[in-house]
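Undergrad: The structure is given below, and queries will be raised subsequently.
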Amino acid sequence: MPLDTTIHNIEITVGKSGQLARAAGAIAKLIAKEGKSATLKLPFGEVRLISKNYSTTIRLVENVGVNQKNLGRAGSKCWLGKCPIVRGVVMNPIDHLHGGSEGRAPI
């Protein structure tokens, strides 16, 4: 593999399949090769020395904008397990310590 190649899905242990740089848009760069090892710059800035025997995939993971998709409404986000956070001030007094009062009273 030539230097400065973009790779993803990097193995940490032989035969355990890829464990590094697997998310959409995540890439690692091959910085140097010395003997039986290679130096990689990982997506989060870490520089790691790994064996040349580990398998990787050349190029980057597609579908980069998957996290920027507009879900449309709160219910769609709730289905994914990310429910909205409701402030205590807007709750009823039985539901929260800060709840209740007429209008918008301070806490």
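All of the numbers you see were taken from the coordinates with simple rules; none came from a lab. Quick caveat, the model's predicted, so the values are computed rather than measured. Here Cβ is always computed from backbone atoms with ideal geometry, including for glycine, and neighbour counts include all displayed protein chains.
Undergrad: So if each residue of separation counts as 0.36 nm, and I subtract the Cα-Cα distance between Lys29 and Ser17, what length gain in nm does that give?
TA: Residue separation times 0.36 nm, minus the Cα-Cα distance, leaves 2.5 nm.
Undergrad: Turning to a different aspect of this structure: From the C-alpha coordinates alone, can you work out the Kirkwood hydrodynamic radius of segment 6-58, in Å?
TA: This gives a value of 10.9 Å.
Undergrad: Shifting gears a bit: Assign unit charges at the C-beta atoms only (+1 for Lys and Arg, -1 for Asp and Glu), then state the dipole size of the chain relative to its Cα centre in Debye, rounded to the nearest 20.
TA: Charge dipole of the chain: 220 debye, to the nearest 20.
Undergrad: With +1 on each Lys and Arg Cβ and -1 on each Asp and Glu Cβ, how big is the dipole of segment 6-58 about its Cα centre, in debye rounded to the nearest 20?
TA: So the dipole magnitude of segment 6-58 works out to roughly 60 debye.
Undergrad: In Å³ and rounded to a whole number, note down the convex hull volume per residue for the Cα atoms of the chain.
TA: In the chain, the Cα hull volume divided by residue count equals 186 Å³.
Undergrad: If you average the sequence gap of Cα pairs under 8 Å that are 6 or more apart and divide by the length of segment 6-58, what percent do you get for the contact order?
TA: Taking the mean separation of contacting Cα pairs over the length of segment 6-58, I get 37 percent.
Undergrad: With a cut-off of 15 Å, note down the residues of segment 1-42 whose backbone N falls inside the zone around a label point 7 Å from the Cα of Asn63 toward its beta carbon.
TA: Under 15 Å, as judged by backbone N against the label point of Asn63, lie 9, 22-26 of segment 1-42.
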